[in-house]
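The values are calculated or read from the model by the stated rules, or taken from the named source; none is laboratory data. It should be emphasised that the depicted structure is a prediction, and the values quoted were computed from it without experimental measurement. Here the Cβ positions follow ideal geometry from the backbone for every residue, glycine too, while neighbour counts run over all protein chains shown.
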Amino acid sequence: METKMGSASSSSKLELRNLSKVFGQGKEQVMAVDSIDLDINPGEFITFLGPSGCGKTTTLRMIAGFETPSQGSILLDGQDVSSLSPDKRPMGMVFQSYALFPHMSVYQNVSYGPRIKKLPAEQVKMDVSAVLDSMSLSSMANRSPNQLSGGQQQRVALARAMVMQPKVLLFDEPLSNLDAKLRAQMRIEIREVQQRLGITSIFVTHDQDEAMSISDRIVVMRNAKIEQVGIPADVYLRPASVFVADFIGISNFLTVDGVSSAGAGKAKVNVLGRAIEVPAHKEALNKESILLVRPESIRVKPAQAGNASVSGTQGQVKQVVFYGQHVEYRIQSQVGIITAVVSDPIFSEIVPVGEYAEFAFDPERSWLLPADS
Amino acid sequence: MRGKTITTTVNVDKPAKALKKKSGIKLDIGTKTILIISVFLLLLMVVFPLLNIFTRAFDESGKEVFSTIFTSEVVRGIIRNTIVLGVVVATLGTIIGFFLAYAQVKLNFRGKKLLHIISLVPLITPPFAFATAVISLFGRSGIITRDILGLTPTLYGLPGLTIVLTCSFFPVAYMSILGMMKNLDPALDEASASLGASKLKTFFKVTLPMLIPGFASSFLLLFVEASADLANPLVIGGDYTVLASRAYIAINGEYDVPAGSAYSLILLVPGLIVFIVQRYWGERKSVVSVTGKPTGTPTYIENRIAKFFLLIIPVSMASFIVLIYATVIYGSFAKFLGVDNSPTLANYRYIFSGIGNDAIMKTTIMALIATPIAGLLGMVLAWLIVRKVRKGREALDFLGMLGLAVPGTVLGIGFAITFNHSTKIGETTILPQLAGGGAIFGGAVAIIMVYTIRSSPAGQRSAIAALQQINPAIDEASASLGASGFTTFRKITLPLIKPALLTGLMFAFAHSMTTLSPIIFITTPETPIMTQKILAEVDSGRFGNAFAFCTLLIFIVLTVMGLINLLVRGKPNSSSSASNTPIVRA
């Protein structure tokens, strides 16, 4: 991680210990978060990613203090904050709906926190103006929230949280209400601000593009538990489970047999009639495993003339979609439908529907992982 | 940014579920204290009297009344009268309320705003104004009936009661239906049209079915209020005895408290049934579209013939009300309306003398004291119900509404029974005598309590509706910025619910000034109440004085309402927040 400008000393560490949350009682009980253990490093931008109901928002709200943990603790710089009410925690939160105070102007919204802290008026003015400036909101200081666009409201929400110089910044799907283009733009802005100030940040989203593009680490959650924690490359290229592989990006899962160890982190497998050596998850050798090959790792060529069969590394093209920069194939293979993405395709080598194609991939670009039920 | 259209179920009478999962924070010490104090006040002012009237009603003569429900033709007759009156008034009131609401939403005409104001005027009118005016105009010696038309109808009894009660209570139906109609998504009409339905068909197949729950709820509300009314049956009821008047006679005439308790408890039955039915049948709530911002322009009906027919009832009703008011005001300045119309100030001189003056001052002061308390109580309860309390929310809401849900006679008798003596546990006195002669402050405490407990429910409903409009994330945002619960309430919640608060306060004062049925049982010579004095004047046939009192009362109510408006300084959103305020005068 790059050094943050002058704030490494003030970045905070957050630890979640055996954190759980149960809703309801008796038969109607729902376990929303199940024994989460996580260390979040100072200045880190970590994203909780997962489908609806996986527990990511509940976890965030427990950190913020809007939900009381049923079990476990939350430690900020070593101190247990689990029993502190939200107004006593030095954390800022950006809400999905922005939650700007409708009866206050932009300036009043942003200065709300400092005023609560009873900071001297001069300082409040300075701090607020600086933050508004940095987010290009100075010209809108006197507008009321309903006079702002979605992107502007979002910036105000961020400014309002940031002016407090919180130890931790929490984001609850703040970009869901924006259109795609604005979303892409805003997430970069958020990341830039966070990196510049070095504030430890926790971001919740169900959008994998978002998670991948701005996080230092991603926490993939499913059914109240953590499936995997890792840097984006880890989560994408070295998923720990079929769920993670499937949730992020598109996956091809090829059935294999004859799995045996081939040294540290490697395995020998038979797939598509060939024996190859592939990188492997350490659990893949103990359990039933499956081979992940990403579509972009597969090369596609028209099959040799006269060789029309579905066997080995050859199959029939069921669907071709030309996107310009790449072509997406669906090929019927011996082990099922394979999705392949070929970038910068050679015009004469684009295989039409119904024709047969040869496909291949570099074993180093595949990944053997446990096939869970 | 165009508002999104969210379709959600809306039930005016029940606290709706929070927008997100309810927050799982334990209540802090401050909130717990407030909760305990509020519940204690409600228990003291509503539950305690109710329990007492229950127990009393089962004493000797009370039990006799209950047992004769099925045997005595007299008692059955009284019950029948009550029900018939309730049904008739509820039906007429709902119909009139509907036509008025429809005119507001679907028609465009000059004087629309005026019509709206006139439709709300009966809410701040003292109960006897209508009755006395109607008698003067349409009675046996009525100006219109005898002098102009040469008829001598019998107005006393069901006919007169129907006219007067319908006029008094239709605004409740009006506001309720108006609120519902305003929430109907105009896109539904457009969708219906795009599918080939004519305007008439759309009305019968789309609009009307969606309004039926609103009609039903208005009908039930009106039924309860009309059947519980005491003031008008005493004045214009004649031989038509209803449970409320029978209870009054039992207590003030026969000094038979158990019997009186029994009669008024019978009244409790329809009220509670209605209440329960509304809560549970309200599970199948009306599906109303709630838009963040308007998604379509309301389409007005332009057809002149249709407009004409639709406006017959509204205009007639409005004219009638104006006529009544004109009669009251004119009558206050006339020697004896209908007999000697020469102008005089004698009536006013009378009411400003001695006793009259006392009543005016004391009533106004007590109402003024009760109003902020009621407003505060209603608001605090709403805040607890919507934001803070999770388990027992429904119970708290029910408890808060109880003061208005029980008939006025029940509450009044209950108060008399409970507070006519000091409250003791064993040998120690925990509460001094609060009501009746010899009580502290001459019984003013009990009266103020009754005022408070009868008007806080309206504020509660109004504040709940307003709070539900606020995204709970706003409270959380405030907390995340370091504001304590109380600071958040002060700086964020309060400013945002100001309009609702304002409505609550204004109606609290109006209601307190014009109520009779609970008060009549606990007034003392030291705490004369204006409405009680008006009743006395009407009973003695001194209509001129009655008119003067009424006019003055209306004047006071309007003035204070205007002052409250200025004081709290927000724009009163008269239709949408008021539509959630059930107004009872009984």
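Only a single item in (1) farther than 28 Å from A:VAL193 by Cβ; (2) crowded, with 19+ Cβ neighbours inside 10 Å; (3) among the aliphatic types (A, V, I, L, M) is not met by A:VAL30, and it is number (2). Would you mind stating whether A:ILE202 is under 28 Å from A:LEU237 (Cα atoms) and within 14 Å of chain B (Cβ to nearest Cβ)? Yes: the conditions hold for A:ILE202. Cβ-Cβ distances below 6 Å connect the following pairs, each with a first residue in region A:118-138 that is surrounded by 13 or more Cβ atoms within 10 Å (Cβ to Cβ), a second residue that is charged (D, E, K, R), and a separation of six or more residues or different chains: A:MET135/A:ARG155; A:LEU137/A:ARG155.
Exactly one residue out of B:LEU396, B:LEU411 is surrounded by fewer than 23 Cβ atoms within 10 Å (Cβ to Cβ) and in contact (Cβ under 8 Å) with a residue 60 or more places away in the chain, and it is B:LEU396.
Quick check on B:ILE529: is it surrounded by 22 or more Cβ atoms within 10 Å (Cβ to Cβ), more than 14 Å from chain A (Cβ to nearest Cβ), out of contact with any His (no Cβ under 8 Å at 6 or more places or on another chain) and of a type in the set (Val, Ile, Thr)? Yes; evaluated as a whole, the condition is true for this residue. Considering region B:142-169 alone, what residues qualify as being surrounded by 14 or more Cβ atoms within 10 Å (Cβ to Cβ) and farther than 27 Å from B:PHE99 by Cβ? Selection gives B:ILE143, B:ARG146, B:TYR156. Within the option set B:ALA435, B:ALA444, being in contact with a Gly (Cβ under 9 Å, 6 or more places away or on another chain) and more than 14 Å from chain A (Cβ to nearest Cβ) holds for one residue only, B:ALA435.
Within region A:286-320, being more than 19 Å from A:ILE276 (Cβ to Cβ) and part of a strand (DSSP E or B) holds for A:PRO302, A:GLN316, A:VAL317, A:LYS318, A:GLN319, A:VAL320. Can you pull out every residue in region A:52-104 that is touching a residue at least 24 places away in the same chain (Cβ under 8 Å), hydrophobic (A, V, I, L, M, F, W, C) and not in a strand (DSSP E or B)? Residues satisfying the conditions are A:CYS54, A:LEU60, A:MET62, A:ILE63, A:ALA64, A:PHE95, A:ALA99, A:LEU100, A:PHE101, A:MET104. A:ARG160 fulfils the conditions (1) more than 12 Å from every other protein chain (Cβ to nearest Cβ); (2) in contact (Cβ under 8 Å) with a residue 12 or more places away in the chain; (3) of a type outside the set (Asp, Glu) except for a single criterion, (1). Considered as a group, the residues in region B:298-347 that are among the hydroxyl-bearing types (Ser, Thr, Tyr) and surrounded by 19 or more Cβ atoms within 10 Å (Cβ to Cβ) include one that is farthest from the chain's Cα centre (by Cα), and that residue is B:SER332.
Report, by residue number, each residue of region A:105-156 that is in a loop (DSSP other than H, G, I, E, B) and farther than 20 Å from A:ASN177 by Cβ. If the condition is that a residue be in a loop (DSSP other than H, G, I, E, B) and farther than 20 Å from A:ASN177 by Cβ, then A:SER105, A:LYS117, A:LYS118, A:LEU119, A:PRO120, A:ALA141, A:ASN142 are the ones that fit. Taking the criterion of being over 19 Å from B:THR452 (Cβ atoms) and surrounded by 13 or more Cβ atoms within 10 Å (Cβ to Cβ), the residues of region B:358-376 that qualify are B:ASP358, B:ALA359, B:ILE360. Note on region A:82-113: residues that are more than 9 Å from chain B (Cβ to nearest Cβ), out of contact with any Pro (no Cβ under 8 Å at 6 or more places or on another chain) and buried (at least 22 other Cβ atoms within 10 Å of the Cβ) amount to 2.
Counting only residues that are assigned to a loop (DSSP other than H, G, I, E, B), more than 20 Å from A:SER241 (Cα to Cα) and under 15 Å from the mean Cα position of the chain (by Cα), region A:177-214 holds 0 of them. Selection of first residues in region B:334-360 that are at positive phi and of second residues that are modelled with pLDDT of 80 or more, restricted to Cβ pairs under 8 Å at least 6 apart or on distinct chains, gives the following pairs, ordered by first then second residue: B:GLY338/B:SER136. Scoring B:THR503 on the criteria (1) at pLDDT 90 or above; (2) more than 10 Å from chain A (Cβ to nearest Cβ) leaves a single failure, condition (1).
Scanning region A:51-81 for residues that are of a type in the set (Lys, Arg) and within 13 Å of another protein chain (Cβ to nearest Cβ) gives a single hit, A:ARG61.
Looking only at region B:187-203, decide whether some residue is in a helix (DSSP H, G or I), touching a residue at least 60 places away in the same chain (Cβ under 8 Å) and touching a Pro at 6+ places or on another chain (Cβ under 7 Å).
Of the residues in region B:187-203, the ones in a helix (DSSP H, G or I) are B:187-194, B:199-203.
Applying the additional criterion that residues be touching a residue at least 60 places away in the same chain (Cβ under 8 Å) yields B:187-190, B:199.
From what's left, touching a Pro at 6+ places or on another chain (Cβ under 7 Å): none.
No, region B:187-203 has no match at all.
Residue check: is A:ALA99 within 20 Å of A:GLN185 (Cα to Cα) and out of contact with any strand residue (DSSP E or B) (no Cβ under 8 Å at 6 or more places or on another chain)? The answer is no for A:ALA99.
Take region B:456-495 and flag every residue that is within 7 Å of chain A (Cβ to nearest Cβ), in a helix (DSSP H, G or I) and over 12 Å from A:LEU100 (Cα atoms). Passing the criteria: B:ALA479, B:SER480, B:THR487, B:PRO495. When restricted to residues that are out of contact with any helix residue (DSSP H, G or I) (no Cβ under 7 Å at 6 or more places or on another chain), within 11 Å of chain B (Cβ to nearest Cβ) and farther than 18 Å from A:PRO166 by Cα, region A:114-149 contains 3. Among the residues making up region B:246-276, those that are under 19 Å from the mean Cα position of the chain (by Cα) and surrounded by fewer than 24 Cβ atoms within 10 Å (Cβ to Cβ) are B:LEU268, B:VAL269, B:PRO270, B:GLY271, B:LEU272, B:ILE273, B:VAL274, B:PHE275, B:ILE276. Scanning region A:210-233 for residues that are more than 18 Å from A:THR59 (Cβ to Cβ) and either basic (Lys, Arg) or touching a residue at least 12 places away in the same chain (Cβ under 8 Å) (or both) yields A:MET212, A:SER213, A:ILE214, A:ILE231, A:PRO232.
Selection over region B:350-393 of residues that are farther than 19 Å from B:GLY562 by Cα and among the hydroxyl-bearing types (Ser, Thr, Tyr) gives a count of 2.
For the residues A:GLY263, A:GLY258, the requirement of being out of contact with any strand residue (DSSP E or B) (no Cβ under 7 Å at 6 or more places or on another chain) and closer than 23 Å to A:PHE361 by Cβ singles out A:GLY263. Restricting attention to region A:229-248, the residues that are assigned to a loop (DSSP other than H, G, I, E, B) and either surrounded by fewer than 18 Cβ atoms within 10 Å (Cβ to Cβ) or charged (D, E, K, R) (or both) total 2. Can you work out which of the residues in region A:163-173 that are closer than 27 Å to A:GLN123 by Cβ and away from chain B (no Cβ under 11 Å) is modelled with the lowest pLDDT? The selected residue is A:GLN165. The sole residue among A:THR3, A:THR47 that is outside any strand (DSSP E or B) and either at pLDDT below 90 or crowded, with 22+ Cβ neighbours inside 10 Å (or both) is A:THR3.
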